[in-house]
Amino acid sequence: MAVTIKDIAKMADVSPSTVSRVVDENPRISKKTSEKVKRVMQEMDYHPNMLARSLARKDTKIIGTLMPGTEENAFKHPFFPEILRGVTSEAYKSGYNILISSAATPSDEKKIVLDFAKNGVAEGLILMTSRHNDTVIKALTEISFPFVLVGNPENSSNVTWVDNDNIEAGRKLTEHFISRGCRKIAFIGLTDEYLVVKDRFEGYRKALGESGIEFDKGLVVKGAFMRSNGGNMMSELLSRKKDFSGIVAADDDMAFDAIKVLKKAGIRVPQDVLVAGFNNTKMDDYFTPMLTSIDINAFELGRKAFQLIRAKIENKDYKPTHELVGINIVPRESTSRNFKGSTE
């Protein structure tokens, strides 16, 4: 039979409430009494259920995280493991634990976050993406449950969030193409669902306009971000028989797939077409040609997200705020006019 607090109290000749206070490290208990109770706990091999006690106090030191897509697809995308690495590194230093979940659809996301909010296990949530007409944000705001969003929400007045300046990222990457002589630059991976892609596309259009380049909607290919094959989008663009000299992909995975299709079509990168993406994943240095990308500093996004949610949890008067993490372009072979290597 399992040892209980009452058993410890009886053996130590104290009340059960005194044992509870010893477990909770209550300063009201004398050092002598605390040492006696702990000695009895050790002798009787008693291990208190710390999660149950934390739930009772509503102080679990657990933060929930929610990623879009099924578990399999979510972890395939390099952005999420890197941002989680930032979250968990900061959580470890602060004595918190991270509970990871994912959802295949927006309706599943809403159900999961409300379960998190109502079952008492998690003290707060980190949401990994910002959607158009996000019902999850609305639901959490209505019940005043602490959360932080990785991404720029449509309405930021009551939301704490951390993000990059994705408009500037899109503009900067497009300017990189223009500086290398490209005038006909395609954009693949546009979607109305995720605001990060809409912002990157807005930056792309801004750079074209600032350089006096006419926008051509025939050079834009839509796709389901994080679920679509960039190769299919590249094939769609080729089927339109449009002239283009550069391709801005909504993320690196799409850029990798696009380059594979271009190779099969006999189009060389970067000799014939320049290609670049976003996220600066570790694969960028090992792909052939090595991929130019915007480094969004995903690890730092994760660190900042945890710092913000901890501040919200530990300060009930915390006011909604936001932070921007810097970006930088990492030029590599895929946009180099001096590249002489083989892409076969």
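No lab work stands behind these numbers, since they all come straight from the coordinates. Remember, it's a predicted structure, so these values are computed and weren't measured experimentally. So basically every Cβ, Gly included, is an ideal-geometry build from the backbone, and we count neighbours across all protein chains shown.
Computed quantities for the displayed model
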quantity	calculated
Selection from Ile296, Phe116, Tyr286, by position along the positive dipole direction of the chain (Cβ)	Phe116
Inter-label distance, nm, simple model (7 Å from Cα along the C-beta direction), Thr288/His132	4.0 nm
Charge dipole magnitude, Cβ of K and R +1, D and E -1 - the chain, Cα centre, debye nearest 20	420 debye
Residue (of Ile8, Val22, His47) at the positive-pole extreme of the range 5-48, dipole from beta-carbon charges	Val22
Test item: Cα-centred dipole of the range 5-48, Lys/Arg +1 and Asp/Glu -1 on Cβ, debye	220 debye
Three principal axis lengths of the range 179-233 [C-alpha, angstrom, descending]	33, 22, 19
Across Lys93/Lys312; Lys138/Lys217; Lys93/Lys138, pairs whose alpha-carbon gap is larger than 24 Å	Lys138/Lys217; Lys93/Lys138
Peptides ranked, highest mean first, by Cβ atoms within 10 Å: ranges 201-211, 89-99	201-211, 89-99
Note, ³J(HN,Hα) from phi for the range 117-133, Karplus 6.51, -1.76, 1.60, rounded to Hz, x at Gly and Pro	5, 9, 8, x, 6, 9, 8, x, 10, 10, 9, 8, 9, 10, 10, 6, 6
Two-site FRET efficiency, Lys31 against Ala2, from Cβ-Cβ distance with R₀ of 30 Å, rounded to 0.05	0.60
For Asp115, net neighbour charge (Lys/Arg +1, Asp/Glu -1) across residues whose Cβ lies under 13 Å away	+1
Built amide H within the under 5 Å cut-off of Phe187, gap 5+	Val220, Val221, Val248
Reference-scaled alpha-carbon Rg (2.2 N^0.38 Å with N residues) for the chain	1.28
Relative contact order computed over the chain (Cα-Cα under 8 Å; 6+ residues apart), in percent	16 percent
Segment Lys217-Lys263, extension gain: residue separation times 0.36 nm, minus the distance between their alpha carbons	14.1 nm
Computed FRET value (nearest 0.05) for Gln42 with Arg85, which takes r as the C-beta separation and R₀ as 30 Å	0.25
Difference of contour (0.36 nm per residue) and Cα-Cα distance, Arg337 to Asn155	61.3 nm
Neighbour net charge for Ile167 - beta-carbon separation under 10 angstrom, K R +1, D E -1	+2
Reach of Lys6 by Cα under 27 Å, taken over lysines that are not fewer than 8 positions away in the same chain	Lys31, Lys32, Lys36, Lys38, Lys58, Lys61
Cα centroid separation - the range 285-306 against the range 322-336, whole Å	8 Å
Where only C-alpha atoms are counted, convex hull volume of the range 204-344 per residue in Å³	140 Å³
Calculated FRET efficiency for the pair Asn119/Glu314, C-beta based, R₀ 25 Å, to 0.05	0.75
Protection-proxy order for peptides 80-88, 321-329, each taking the mean of Cβ atoms within 10 Å per residue, highest first	80-88, 321-329
Karplus (6.51, -1.76, 1.60) ³J(HN,Hα), θ = phi - 60°, over the range 246-262, in Hz, Gly and Pro reported as x	x, 9, 9, 9, 5, 7, 5, 4, 5, 5, 4, 5, 4, 5, 4, 5, 4
